[in-house]
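Everything on this sheet refers to the single structure shown next.
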Amino acid sequence: MATIIDCGLATRPDRRFGINHQYITKTLTPYNYRWYAIVRDSCYLYIQKVKKTENGKTTVEYRTYGWCWRDGREWVLDYPDLEWALDDLNTLCDGEEGVYPPEVERPWVILTMPKTKPEQEEKPFAYQFSGFRKEEEE
């Protein structure tokens, strides 16, 4: 059978939205891991909650994403428990922060469709008058 992986909506530390230093914290906790990332030895790290469904059974796992911005390496690791994921990421490189990656704005822009002019009322091609003949005949 197939495995269905539901990562939900991407959160703000996701690199697809760019990197902003205000969303980088010193340590990840069970209360802030969804909204913040950390940096260890020039590696940008964050966690995302994942639901896996296999053979009708759903399990929750925690997927850690890592990106070394100096050499471009990327990796993904899944953990069955949030505490294990937090412990591994926070103690990486003895828990010392590294150099933050350069801030990057999101690589795409959302634009709205330009407003169109309201459609002009169509004028009738011909007018129909009713009751004329009756008045003329009388």
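The values are calculated or read from the model by the stated rules, or taken from the named source; none is laboratory data. Because the structure is a prediction, the values reported are computed rather than measured. Counting neighbours? That spans all protein chains shown, and the Cβs are built from the backbone with ideal geometry, glycine included.
Assorted remarks:
- Leading residue by the ranking (surrounded by the most Cβ atoms within 10 Å (Cβ to Cβ)) among those in the range 42-70 that are among the small types (Gly, Ala, Ser) and in a loop (DSSP other than H, G, I, E, B): Ser42
- Members of the range 40-90 found to be among the hydroxyl-bearing types (Ser, Thr, Tyr), modelled with pLDDT of 90 or more and out of contact with any Ser or Thr (no Cβ under 9 Å at 6 or more places or on another chain), listed by number: Tyr44, Tyr62, Thr64, Tyr65
- Of all residues in the range 14-26 being surrounded by 14 or more Cβ atoms within 10 Å (Cβ to Cβ) and part of a loop (DSSP other than H, G, I, E, B), the one that is farthest from the chain's Cα centre (by Cα): Thr25
- Restricting attention to the range 26-35, the residues that are touching a residue at least 60 places away in the same chain (Cβ under 8 Å) and β-branched (Val, Ile, Thr) add up to 1.
- Screening Val109, Val99 for residues that are modelled with pLDDT of 85 or more, out of contact with any strand residue (DSSP E or B) (no Cβ under 6 Å at 6 or more places or on another chain) and farther than 14 Å from Leu28 by Cα leaves exactly one candidate, Val99.
- Any pair with Cβ under 6 angstrom, 6 or more apart, that starts in the range 85-105 at a residue that is charged (D, E, K, R) and in a loop (DSSP other than H, G, I, E, B) and ends at one that is surrounded by fewer than 17 Cβ atoms within 10 Å (Cβ to Cβ) and modelled with pLDDT under 85: Glu105/Gly18
- Remark: pairs (first residue in the range 36-65, in contact (Cβ under 8 Å) with a residue 60 or more places away in the chain; second residue not hydrophobic (A, V, I, L, M, F, W, C); Cβ separation under 6 Å; 6+ apart in sequence or on different chains) = Val39/Glu97; Val39/Gly98; Val39/Tyr100.
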